[in-house]
Amino acid sequence: MAKKDPKELPVEEKLKNLFQLQTTLSAIDEKRALRGELPLEVRDLEDELEGLRTRIEKIEQDIKDYQRAITQKKGDIVEAQASLERYNKQLDTVANNREYDTLTKEIEFQTLEIELCNKKIKEAQYKVEEKQKDLEANRGLLEDRQKALEEKRNELDEIMQETREEEGLLKDKASELETKIESGLLRSFKRIRRGARNGLGIVYVQRDACGGCFNKIPPQRQLDVKMHKKIIVCEYCGRILIDPELAGVKIEKAGEEKPKKRRATRKKKEEGEE
Ligand SMILES: [Zn+2]
């Protein structure tokens, strides 16, 4: 059977096709939204991990620097002690008062030098301890974030695998539907959809209001929508309007929420009676 030119289709059919296309595209949007946050979360975690690794490297370098300083000070102490020994020996064979004074001053200086080195070593050791605690905490955090990243990556992979196939089918369906819609109408539908925050280009009338922007639709316009003799758009948001019946949607009219509750109660009762 040859395909009908979409232009020849009655408005009713055009609207039905358009609404089906909308449902399909919305399903694709949903799939995208489902994994929407995940790639971002994965990227955030990767950034965080990179920051943590840099911080850990810096701490490790600091520890090395302090340890090098400690080794150096220890070497200085050994040298100072050797000098002390030498000066003390010279003190035994001192020739005059001036020489004695010089030696005593040197001894005093070397003793102070040793004290100072010991103080610096203690300070550096304290810093090393602190840095090591910091290092441990950051390593723990790194491990924790690495696990989280692995989980998120797996989750994303899973969703990608699941949605890729479904999305492919939905895309095929959408392309098929698009061939049944005349190009001009399709273009304006796509334009409206792009401009709409919820991605809806065609909506059904709900409680006398537009299902997209929820502004009230005047009775005459509602009647026109019901007649589906021509394409009617919402005067506020520009979305194409369709009669819910034509869209195949069952909706409750205003003030009809109660039956739903009653149904639920009845169901409960029935279950109770069993
Ligand atoms: Zn509207």
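Summary of computed values
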| read-out | value |
| --- | --- |
| First in region 161-185 and touching a residue at least 40 places away in the same chain (Cβ under 8 Å), second anywhere and surrounded by 12 or more Cβ atoms within 10 Å (Cβ to Cβ) and assigned to a loop (DSSP other than H, G, I, E, B), Cβ under 9 Å, 6 or more apart | LYS180/LEU9; ILE181/LEU9; GLU182/LEU9; LEU185/ILE231 |
| Output for region 189-202, where each listed residue is within 11 Å of LEU18 (Cβ to Cβ) and either in a loop (DSSP other than H, G, I, E, B) or touching a residue at least 12 places away in the same chain (Cβ under 8 Å) (or both) | PHE189, ILE192, ARG193, GLY201, ILE202 |
| Qualifying positions in region 227-247 - over 10 Å from GLU12 (Cα atoms) and either in contact with an Asp or Glu (Cβ under 6 Å, 6 or more places away or on another chain) or of a type in the set (Phe, Trp, Tyr) (or both) | ILE232, TYR236 |
| Selection within region 88-103 - surrounded by 13 or more Cβ atoms within 10 Å (Cβ to Cβ) and without any contact (Cβ under 8 Å) to a residue 12 or more places away in the chain | VAL94, GLU99, TYR100, THR102 |
| In region 187-220, residue nearest to LEU9 (Cα to Cα) [restricted to those that are more than 11 Å from the ligand (Cβ to nearest atom) and more than 34 Å from the chain's Cα centre (by Cα)] | GLN220 |
| Hey, ALA80 over 30 Å from GLU150 (Cα atoms) and surrounded by 11 or more Cβ atoms within 10 Å (Cβ to Cβ) or not | yes |
| Residue check for THR179: at pLDDT below 95 and touching a helix residue (DSSP H, G or I) at 6+ places or on another chain (Cβ under 7 Å) | no |
| Residue within region 150-160 that is farther than 29 Å from ILE28 by Cα, exposed (fewer than 12 other Cβ atoms within 10 Å of the Cβ) and away from the ligand (no atom under 16 Å from the Cβ) present | no |
| Odd one out for LEU223, checked against (1) assigned to a helix (DSSP H, G or I); (2) hydrophobic (A, V, I, L, M, F, W, C); (3) without any contact (Cβ under 8 Å) to a residue 60 or more places away in the chain; (4) within 16 Å of the ligand (Cβ to nearest atom) | (4) |
| Residue within region 165-186 that is within 12 Å of the ligand (Cβ to nearest atom), farther than 30 Å from GLU50 by Cα and not hydrophobic (A, V, I, L, M, F, W, C) present | no |
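The values are calculated or read from the model by the stated rules, or taken from the named source; none is laboratory data. Because the structure is a prediction, the values reported are computed rather than measured. Here Cβ is always computed from backbone atoms with ideal geometry, including for glycine, and neighbour counts include all displayed protein chains.
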